[in-house]
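A short worksheet on the structure shown next.
Every number in this text was worked out from the coordinates using simple rules, so none of it is lab data. In this text the structure is predicted, and so the values were computed from the model without any measurement. Virtual Cβ from ideal backbone geometry, glycine too; neighbours counted across all protein chains shown.
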Amino acid sequence: MNWTATIVFVALFGLVTALGFFAAQWRRGDLGLLHEWGLGGHRFGTFVTWFLLGGDLYTAYTFVAVPALIYGAGALGFFAVPYTVVIYPILYVVFPRLWLVAHRHGYVTVSDFIRGRFGNRWLALAVAVTGLVATMPYIALQLVGITVVIGALGFPGTGLAGDLPLIIAFVILAAFTYTSGLRAPALIAVVKDLLIYLTVFAAVIAVPMQLGGFGAIFAKIPAAKLTLPVPPPGTMGLYSGYATLAIGSAFALFLYPHSITGILSSSSAGVIRRNAAILPAYSLMLGLLALLGFMALALGVGQLAEYADGFKRYGPNFAVPALILAIFPSWFAGVAFAAVAIGALVPAAIMSIATANLFTRNIWREFLNPACTDAEEAGIAKIASLVVKVGALFFIIFLPQQYAIQLQLLGGIWIIQTAPSVMLGLYTRFFNSWALLLGWVAGIVSGTWMAATLAFRGAIFPLHLFGLTVPGYAALYSVLINLLVAAALSLAFNAVGSDRDVTLNEDYA
Amino acid sequence: MSHGGSVGPVGGARHSAHWIRLILLLPFLAMAWVPSYNAVEPRLAGVPFFYWYQILWILLAALLVAIVYRVEHRSAEA
């Protein structure tokens, strides 16, 4: 048990808990209304949105898993960097339009937009359910991040005593999300980011100093891990795999409900555009952080006896915690671990709020109780956010961690199937809503099938094309099938009739 | 007023896509062209090319977005 680190960890955790409850008073609004509780009343300017989206998109699991992937697989794990290079042009071009039309019509979720834009409640339901199902395992994965650092503090990994710190962290998270809504993660994100930046810069400076510079670190890495393998004849190998993984993930990212919630909570379309230029500061940090995987490898933490138990329990995910324990004094390890754990609370809170918004607006109000008052609506959302978190907690405690990882992988393939409706729906009225719904079915089925042929262990599907094998991200391949089906059927369906669109052209500019 | 039935662009003529936005395609092309950067040499301060080149593109892409922002917001003011 590492007491110094644990005390620092608990103190910082206590600080953010207090902040989470205090947030209800911040930029005060009527928390009995869904757009106040679930979107912070659209009050967040450039600065707060920067922290909020940064805390939302660069999750704790990213901080643990990206270096872990580099540690295990080498260069392939670096795909997170080109992925974050291409997300911001997408954010800049597409999502200010969504903000504008959402603001004009009071849309709280992306399914609200689909409902208004196409007048088809079933397509809206499909988009809402996809968001819910894709986000649940993502919340569970945030808990994996917390579990790993709690283990690194020296808590026993098994039994009730092992689960207790995680349960306490989640009760705290649930309580402040319930009372303060989106204001809580927005305020906590500021603390979280300061801690994360501090940790990453300390590591990027301290480790090369101890190991004799980056040259010495990379000299210790086997050559096969430094670059992608050159594809043999007849296949594009990891070249196409790497590129499609980066670009496919980028198109999926902003379709996740927690991303949309972060975007819609900003106070203007200009805030989103400005953030597309300044959010890359986080990508820079992610790029440096990814290199920690190589640093852990160069330091040989996997061979040190004191970390053998951690690696046995958490696999490569233990690489970064082990590196932190190996090079920093205990008190700073406490800071770093608190950064990861708090870094899990922020996205977990936003994800649970986003799924609660979806459930309340697009399932409960739309299908179950259309006559509900605004106050009832906000009350249902608060309860839904609790249910979602309890579900994620049960998932992590009672099911193997591998399930959460595999489901999250599938979640990426599923969420991208909403791209034609959401993204193209912002630009053209060519697509018919029933055609989009059938395209969505085709995409979900084909994408899931591709993942099944890979035994749900990976997402790079070997597509055979005229004698050439083009391995590529299953999400990208399946959304192309989706798009083809939607386009072909739209041609046919548009001849018969058209959707009832309540949005006007000037709503988008 | 075109809505509710017409098949065509959303936003109509008022949505004038700025030509400057085309430079936002560059990050996609650069990152998709994996063979152009799958190399160890030249290193920068000991870091292999593969890594520093992609990190450099984080900065370049941010710069391109900032340029588009400046151009569009200047023309919006004019």
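Annotations for the structure displayed:
- Couplings for the stretch A:390-401, taken from phi via the Karplus curve 6.51 cos²θ - 1.76 cosθ + 1.60 with θ = phi - 60°, read 4, x, 5, 5, 4, 3, 6, 6, 9, 10, x, 4 Hz in order; Gly and Pro are left as x.
- Within 10 Å of the Cβ of each residue in B:59-69, the mean number of Cβ atoms contributed by other protein chains is 6.
- Pairs of lysine residues in the stretch A:3-404 - Cα separation under 27 Å, sequence separation of 8 or more or cross-chain: 4
- For A:Tyr473, the residues 5 or more places off, or on other chains, whose built amide H falls under 5 Å of its own are A:Thr244, A:Leu245, A:Phe461.
- Fraction of beta bridges assigned by DSSP in chain A that are antiparallel (%, nearest 5): 75
- Counting every other Cβ atom within 10 Å of each residue's Cβ, A:Asp193, A:Asp30 order from fewest to most as A:Asp30, A:Asp193.
- Relative contact order for chain A: 31 percent, from Cα pairs under 8 Å spaced at least 6 residues apart, divided by residue count.
- Shielding by partners for peptide B:44-54, expressed as the average number of C-beta atoms from other protein chains within 10 Å of each residue's C-beta, is 6.
- The H on the amide N of A:Phe430, modeled in the peptide plane, is under 5 Å from the matching H of B:Gly8, each at least 5 residues off or on a different chain.
- Neighbour counting of Cβ atoms within 10 Å sorts the residues A:Val422, A:Val387, A:Val496, A:Val204, fewest neighbours leading, into A:Val496, A:Val387, A:Val204, A:Val422.
- Karplus (6.51, -1.76, 1.60) ³J(HN,Hα), θ = phi - 60°, over the stretch A:144-156, in Hz, Gly and Pro reported as x: 4, x, 5, 4, 5, 6, 5, x, 5, 6, x, 6, x
- For A:Phe395, A:Phe176, A:Phe51, A:Phe466, order by how many other beta-carbon atoms lie within 10 Å, fewest first: A:Phe466, A:Phe395, A:Phe51, A:Phe176
- Quotient of C-alpha Rg and 2.2 N^0.38 Å, computed over the protein assembly as shown: 0.94
- Three-way shape label, the stretch A:375-426, alpha-carbon gyration tensor, a/c 1.5: oblate
- Cα gyration tensor shape of the stretch A:1-112, rounded if a/c is under 1.5, else prolate or oblate by comparing a/b with b/c: oblate
- 5 angstrom amide H check on A:Phe44, placed H, neighbours 5+ away: A:Ser267
- Cα centroid separation, the stretch A:146-217 to the stretch A:65-85 (Å): 20
- Mean ellipticity per residue at 222 nm, deg cm²/dmol - from DSSP H runs of n ≥ 4 across chain A, formula -39500 (n - 2.57): -24000 deg cm²/dmol
- Partner shielding of A:429-437 amounts to 2, given as the average count of beta-carbon atoms from other chains within 10 Å of each residue beta-carbon.
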